[in-house]
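Worksheet: the structure to be examined is printed underneath.
Just so it is clear, none of the values below were taken in a lab; they were calculated from the coordinates. Nothing here was measured: the structure is a model prediction, and the numbers come from that model. As a convention, Cβ positions derive from the backbone with ideal geometry for all residues, glycine included, and neighbour counts pool all protein chains shown.
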Amino acid sequence: MSQTEKKNGKMGQVCTIDSLGRIVVPSLMRKTYNMGKNEPVELIMMDEGILMRKYKPGCIFCNNIHDLTVFKDNIICKDCLKEMSEML
Ligand SMILES: [Zn+2]
């Protein structure tokens, strides 16, 4: 694996997909994003490729799992959405 640096200062890592479609997520990245063994991750199809992130079934702000809505690929609960709208 080799490291790449993107224009926005983000670090990338070149990985190879094996014959079963698997890749190894580098340990530094797993530690940085607190991704433990057997932890679910979410793969999201973006215009520029696949985004992988830790799977969080609830609101991104408070982890509430009720009254959820999706806004720009993020899950937000009704209470947080109301709180945000009151800030305007
Ligand atoms: Zn919330």
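Some values worked out for this structure:
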quantity	calculated
Expected 222 nm ellipticity per residue - DSSP helices of 4 or more, -39500 (n - 2.57), all of the chain, to 500	-4500 deg cm²/dmol
Trypsin sites (Lys or Arg not before Pro) restricted to the chain and DSSP loop, no more than 12 other C-beta within 10 Å	Lys6, Lys7, Lys10, Arg22, Lys37, Lys72
Efficiency of FRET between Ser2 and Tyr33 - r from beta-carbon atoms, R0 22 angstrom, step 0.05	0.65
GluC sites (Glu not before Pro) within the chain: DSSP coil, no more than 16 neighbouring Cβ in 10 Å	Glu48
Cβ-derived FRET efficiency at R0 25 Å, Leu68 paired with Ile23, nearest 0.05	0.30
Cβ-placed point charges (K, R +1; D, E -1), dipole of the chain about Cα centre in debye, nearest 20	360 debye
Per-residue Cβ neighbour rank within 10 angstrom, fewest leading, Ile76, Ile23	Ile23, Ile76
Linear extension gain, Met11 paired with Tyr55, 0.36 nm per residue minus alpha-carbon span	13.7 nm
Spatially near lysine pairs across the chain, Cα under 29 Å, sequence gap of 8 or more or different chains	27
Selection of chymotrypsin sites (Phe, Trp or Tyr not before Pro), the stretch 28-88, meeting DSSP coil and at most 14 other Cβ within 10 Å	Tyr33, Tyr55
Intensity falloff of the chain expressed as log10 I(q)/I(0), Debye formula with alpha-carbon point scatterers, at q = 0.15, 0.19, 0.21, 0.22 Å⁻¹	-0.77, -1.05, -1.15, -1.19
